[in-house]
Amino acid sequence: MKIVVIGGVAAGMSAASKARRMDKGAEIVVYEKGYHLSYGACGLPYYISGLNDDEKKLIARTQEDFHKLGIQTFLRHEVIKMIPENKQVLVRDIDNNTMFFDTYDKLMIAVGANTIIPSIKGIDLEGVHFLKTLEDGMLLKAAVNQPQIRDVVIIGGGYIGIEIADAMVELGKQVRVIEMTSGILTNFDGEISDLIAEELRDNDVELNLDEHVEEIAGQQKVEWVRTNKGLYKADLVIAAVGVRPATKFLENSGISLAKNGAIKIDKKMCTNIADIYAAGDCAQVYNRVLKQNIYIPLGTNANKCGRLAGANMMGANEEYVGTLGSAAIKVLGMEAARTGISEADAKRLDMNYTTAFAKTYDHPSYYPDATPIWIKLICEKSTKKILGAQAAGAKGVVLRIDIFAAAIHSEMTAPELGMTDLCYAPPFSGAWDAVNIACNAVK
Ligand code: FAD
C-alpha cells in the first residue's frame with residue numbers, strides 16, 4: 001500500500017501519522033511545497049507579540065521526526081497536477097526546478113488555503129505583510145520589531161486581523177483596524193463582538209468600520225493607507241482579509257469543488273474520485289447543527305478530519321461527527337468564544353429560533369476578582385434545543401463555551417443544561433453556574 005499526502009501541516013501530517021500507526025508497513029510519502037512541516041499556525045500571533053520568541057516551539061514534529069516514523073517527507077515539493085486515471089501526481093521540485101511523476105494507491109489532499117491578496121493599489125509595496133505561514137510570521141516579527149515601526153494598519157477585522165491587533169498592542173504599536181463591514185469578528189453576533197470592539201477601543205485601537213482601503217502608498221515602502229473615508233499614516237500594513245482553498249491545481253482534474261474552490265467530501269473524507277481523500281482548509285466540512293457541508297477553515301477540523309482520513313485510507317470506516325465551528329479568541333483583557341450557529345446564521349436560514357442574552361459572573365462576588373461574563377444563546381423555538389452559544393468576558397469564558405459545545409453536540413435543550421450538575425465552589429463558579437443561568441434565561 002502506498003499513500004501520497006499533498007500538504008504537510010495539520011490535516012496532512014495528521015493523516016500520515018494515523019496511517020502509519022495503523023499500518024507499520026505502508027509506504028507513506030508527503031509532498032509539502034513550503035519549508036516546514038507540522039507547525040501550529042495558531043501560535044503565530046503569540047510568537048509575533050513576543051510571548052514566545054522561538055519559532056521552533058511552533059513545530060510539533062520535524063522532518064527528522066517523521067523520517068524516524070518511516071514517513072518520507074519532501075519539502076519544497078509542489079504537486080502541480082493530479083492524474084486520477086493513472087493514479088499519478090506530477091511533482092515539481094521547487095529548488096532544483098525539476099519535475100517527476102509519482103504514483104499512489106491512496107491519495108490525501110491536504111493543501112490548506114492561501115491568503116487572499118486583495119487587489120489594492122500598492123499591495124506589493126515593501127512593508128505590506130500577510131500572516132498565514134510560518135515564513136510570513138518570521139518576516140512579520142522581524143519587520144515589526146524595527147524601532148521606526150510605530151503606526152500599524154491592519155486590513156480586515158476577522159479572527160486573524162484581531163489577533164494581530166492584540167499582538168501589536170502588546171508590542172506598544174499604534175494600531176488601526178480597517179474593516180469594510182459594520183463590525184469586527186462577524187462570526188459572532190453584535191452583542192458579543194461589540195464587547196470585543198469596546199475592549200480594543202479602550203486600549204487605543206482605532207476601529208475604522210464600514211470603510212475600505214483603496215490604496216497603499218509610499219516612496220519605497222509603505223507610508224500611507226488611503227480609504228474611501230480618509231488618509232492614515234502607516235509604517236506597516238498587515239492584510240488579513242481571508243483565505244481561499246489552495247485548490248487551483250485541481251481544476252479540470254475531475255475532483256468536485258464547491259463555488260469557493262473547497263473540495264467536496266463526504267463524512268468519511270472521501271472525494272468524488274475513488275481512493276482520493278481530502279480534509280482541512282482545502283475542503284468543506286460537515287456541520288452538525290446545519291446537517292450539511294460548509295466551509296470553516298479551522299485547525300480543530302483540520303486535525304480531526306485529517307486523522308480520520310488517515311484511518312479510512314487504511315481500511316477503517318469512520319465518519320466525522322461534524323463541526324460546530326467552535327472557536328475562541330483572546331483580545332487584550334478579554335476572551336470570546338462561540339460554538340454552533342449565530343443568530344445571523346439562524347436569520348439567514350429562516351429558522352424558527354429564540355435567543356437569550358445574560359450577564360452573569362464567573363464566580364460569586366464574595367470571592368475576590370469576580371468578573372462579568374456575557375452569554376448569548378440561540379435555541380430552536382419550539383423545543384428549546386440549543387443551536388448556538390457565544391460569550392465574552394475577562395476569564396472563564398472559553399471553557400464555558402466548551403460546555404455548550406458538548407451540549408449542542410448531544411442535542412441538549414436549554415432547560416436540560418440549565419439543571420445540569422456543574423461544579424460549584426466559590427473560587428470557580430456560583431451554585432448556579434453562568435452556563436445554568438444563561439440556559440434558564442431562555443424563554
Ligand atoms: P495548512 O496548515 O494551510 O497546510 C497546508 C499545507 O499544504 C501548506 O503548508 C502548503 O504549503 C501546502 N501546500 C499547498 N498546496 C500544495 C501543493 N500543491 N503541493 C504541496 N504542498 C502544498 N485555527 C483554530 O482552530 N484555532 C486558532 O486559534 C487558529 N488560529 C490561527 C491563527 C493564524 C495566524 C492562522 C494563519 C491560522 C489559524 N487557525 C486557527 C487556522 C489553522 O491554522 C488552519 O485551519 C490549519 O492550519 C489548517 O490546516 P491544513 O493542514 O488544512 O492547512
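The values are calculated or read from the model by the stated rules, or taken from the named source; none is laboratory data. These figures come from a predicted structure and were not determined experimentally. Ideal geometry is used to build each Cβ from the backbone, glycine not excepted, and the neighbour counts take in all protein chains shown. Note: areas computed on protein heavy atoms with side chains; ligands, DNA, RNA excluded. Shrake-Rupley method; radii C 1.70, N 1.55, O 1.52, S 1.80 Å.
For q = 0.15 Å⁻¹, what log10 I(q)/I(0) does region 112-183 give under the Debye formula with an equal point scatterer on each alpha carbon and no solvent? Values returned for q = 0.15 Å⁻¹ are -0.51. What does the net charge come to around I341 if you take all other residues with beta carbon closer than 12 Å to its beta carbon, with K and R at +1 and D and E at -1? Within the 12 Å Cβ shell, the charges total +3. Largest first and in whole Å, the equivalent-ellipsoid semi-axes of region 257-413 read 33, 18, 13, each the square root of five times a Cα gyration tensor eigenvalue. Rounded to whole numbers, the Karplus 3J(HN,Hα) couplings from phi for region 366-378 are 6, 9, x, 6, 6, 10, x, 10, 9, 10, 10, 10, 10 Hz, using 6.51 cos²θ - 1.76 cosθ + 1.60 with θ = phi - 60°, and x at Gly and Pro. Legend: residue pairs K57/K106; K87/K248; K132/K359; K2/K68; K173/K330, Cα-Cα distance threshold 24 Å; pairs beyond threshold, K57/K106; K132/K359.
Once the C-beta distance of Q88 and S119 is scaled by a Förster radius of 30 Å, the resulting FRET efficiency is 0.30 to the nearest 0.05.
Ranked by the mean number of other Cβ atoms within 10 Å of their residues, highest first, the peptides 324-331, 339-346 come out as 339-346, 324-331. May I ask you to list the GluC sites (Glu not before Pro) in region 215-277 that are in a DSSP loop and have at most 11 other Cβ atoms within 10 Å of their Cβ? Taking region 215-277 and a limit of 11 other Cβ atoms within 10 Å, the loop GluC sites (Glu not before Pro) found are E251.
Looking at the chain, what % of its DSSP beta bridges pair antiparallel, to the nearest 5? Numbers along the way, then the final one.
Values: 56 of 91 bridges.
Just about 60 percent of them are antiparallel.
Could you please state, rounded to a whole Å, how far the C-alpha centre of region 53-117 is from the C-alpha centre of region 148-223? A separation of 34 Å, based on Cα centres. At an R0 of 56 angstrom, the distance between the Cβ atoms of L69 and Q148 translates into a FRET efficiency of 0.80.
How would you classify region 128-253 from its alpha-carbon gyration tensor, with a ≥ b ≥ c the square roots of the eigenvalues: rounded for a/c under 1.5, else prolate if a/b is greater than b/c, otherwise oblate? Note, shape of region 128-253 comes out rounded.
May I ask you to give the percent of accessible area on region 1-97 that is carbon plus sulfur, with a probe radius of 1.4 Å? Mind showing how you got there, number by number?
Values: 2230 of 4540 Å².
Solvent-exposed carbon and sulfur of region 1-97 make up 49 percent of the total.
Sorting the segments 145-152, 95-102, 400-407, 367-374 by their residues' average number of neighbouring beta-carbon atoms within 10 angstrom, most packed first, yields 400-407, 367-374, 145-152, 95-102. Normalised by the number of residues in region 119-236, the average gap of Cα pairs under 8 Å and 6 or more apart makes the relative contact order 30 percent.
What is the Cα centroid distance between region 371-402 and region 258-320, reported in whole angstrom? With region 371-402 and region 258-320 each reduced to a Cα centre, they are spaced 27 Å. The alpha carbons of the chain give a radius of gyration and a Dmax of 23.0, 70 Å, in that order. Across the chain, C-alpha contacts under 8 Å between residues 6 or more apart give a mean separation that, scaled by the residue count, equals a relative contact order of 14 percent.
Kirkwood Rh over alpha-carbon pairs of region 307-348, then Stokes-Einstein at 37 °C and 0.692 mPa s: what D in µm² s⁻¹, rounded to an integer? The diffusion coefficient I find is 246 µm²/s.
Coordinate range of the alpha-carbon atoms in region 198-309 per principal axis, descending: 54, 35, 22 Å. Of the chymotrypsin sites (Phe, Trp or Tyr not before Pro) found in region 1-83, the ones in coil according to DSSP and having at most 15 other Cβ atoms within 10 Å of their Cβ are Y35.
For region 1-154, the extents of the C-alpha atoms along the principal axes are 55, 34, 24 Å, listed from largest to smallest.
Under 5 Å from the amide H of T227 lie the amide H atoms of E214, Y232, each residue being 5 or more positions distant or on a separate chain, with H modelled from the backbone and absent for Pro and chain starts.
State in Å² the accessible area per residue of the chain; use a 1.4 Å probe, count heavy atoms of protein chains only, and round to the nearest integer. Show your work: numbers first, answer last.
Working: 19880 Å² over 443 residues.
Dividing the accessible area of the chain by its residue count gives 45 Å².
The Rg/Rh ratio of region 322-443, with Rg taken over Cα atoms and Rh as the Kirkwood radius over Cα pairs, comes to 0.96.
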